[in-house]
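Structure first, then comments.
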Amino acid sequence: MSIVLKQERAKQLPFGGIFAAVLGLTVIAWLFLNQSLGQVLLEWLPYLAKGFTMNVLISILAIAIGTLIGIALGVMELAPFAVVRAPALVYVQIFRNAPHLVLIFAATYIFPFELVIFGNYVPFPDWVKAVVGLAIPASAHIAEITRGAIQSIPTAQWDAAQGLGFSRSQSLRWIILPQCIKRSLPPWMNLYASITMGTALASLVGVHELLHSANDASTAVQRTDFTVVVYLTVLIAFFLFCYPVSRFTQYLERRLASR
């Protein structure tokens, strides 16, 4: 098995790494030939970096909330009682196939723009609504990941836990779910990369993230060459953040398949 995996790994070409290298070298050469353009981009890089931190924050919060809700939904999908199982199945089927942009817009307009707490008006930030909009599909996908991971555990594990005196809930918590982690981690990381790329949609509802920052920079400078470079910078930023996640996911899949 290990020899086959090594052969398959040798056949794989790092197309993503080659693409990033070519794109990066192209941008660097362009900036080198046009030093004034490079100077302008350097001035805007801190502003763009600040916007990208919002993308990272939204993605982390969305996947964290989605994971907590998704695990509960995944367990509910396997419940023996239809009254518990049906709502989870309906939720997953609806929101797993819903476009991220639609959910972000829905969260933006369903939730109020400000909350009244003890007579004080507290603004409800748009970026929080974007987190909710992305956490909803994330939870639906994680529910399916969790359900599949639980069903992949041999039934002998349940029988052994029952023989040791564990209840069904205790068996699930202390024996089954810990074994599901290694099965769930690769698809979970792929989902996180997808959610991270989806955070760019938050710019359409006014969230000040990387794409929004790039639009501001392009509008302020008003140079066609700068506009091209700044959007290439956005592309490179997302690629450099998501590509290592994708490669590590592939590594985990090979590592876990060899065991």
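The values are calculated or read from the model by the stated rules, or taken from the named source; none is laboratory data. Values in this document were obtained by computation on a predicted structure and should not be read as measured data. Here the Cβ is made from the backbone with ideal geometry for all residues, glycine too, and neighbour counts use every protein chain on show.
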* **Residues located in segment 156-173, provided they are surrounded by fewer than 13 Cβ atoms within 10 Å (Cβ to Cβ) and among the polar types (S, T, N, Q)** => Ser167, Ser169
* Could you tell me which of the residues Ala107, Ala143, Ala135, Ala88 is under 18 Å from Gly74 (Cβ atoms), without any contact (Cβ under 8 Å) to a residue 60 or more places away in the chain and buried (at least 20 other Cβ atoms within 10 Å of the Cβ)? => Ala88
* Which one of the conditions (1) outside any helix (DSSP H, G or I); (2) within 15 Å of Leu210 (Cα to Cα); (3) of a type in the set (S, T, N, Q) does Asn97 fail to meet, given that it meets all the rest? -> (2)
* Structure fact -> Expected single match for exposed (fewer than 13 other Cβ atoms within 10 Å of the Cβ), among the hydrophobic types (A, V, I, L, M, F, W, C) and at positive phi among Phe81, Phe118, Phe113 is Phe118
* To do: Residues being in contact with a helix residue (DSSP H, G or I) (Cβ under 6 Å, 6 or more places away or on another chain) and over 24 Å from Pro125 (Cα atoms): count how many of those fall in segment 205-220.
  => 1
* To do: Determine whether segment 98-108 contains at least one residue that is modelled with pLDDT under 95 and farther than 17 Å from Thr199 by Cα.
  => no
* Give segment 238-258 a look and list any residue that's exposed (fewer than 13 other Cβ atoms within 10 Å of the Cβ) and under 15 Å from Ala49 (Cβ atoms), or say none. => Leu240
* Asked: (1) polar (S, T, N, Q); (2) at pLDDT 85 or above; (3) surrounded by fewer than 18 Cβ atoms within 10 Å (Cβ to Cβ); (4) farther than 22 Å from Gly66 by Cα: which one isn't true of Ser152, the others all being true?
  -> (4)
* Structure fact -> Across segment 210-237, the tally of residues that are crowded, with 19+ Cβ neighbours inside 10 Å and more than 11 Å from Leu48 (Cα to Cα) stands at 2
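For every residue, the table says whether it meets (1) under 30 Å from Ser36 (Cα atoms); (2) in a helix (DSSP H, G or I); (3) of a type outside the set (A, V, I, L, M, F, W, C).
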residue	(1), (2), (3)
Gly165	no, no, yes
Gln179	no, yes, yes
Leu191	no, yes, no
Leu211	yes, yes, no
Ala217	yes, yes, no
Leu240	yes, yes, no
Val245	no, yes, no
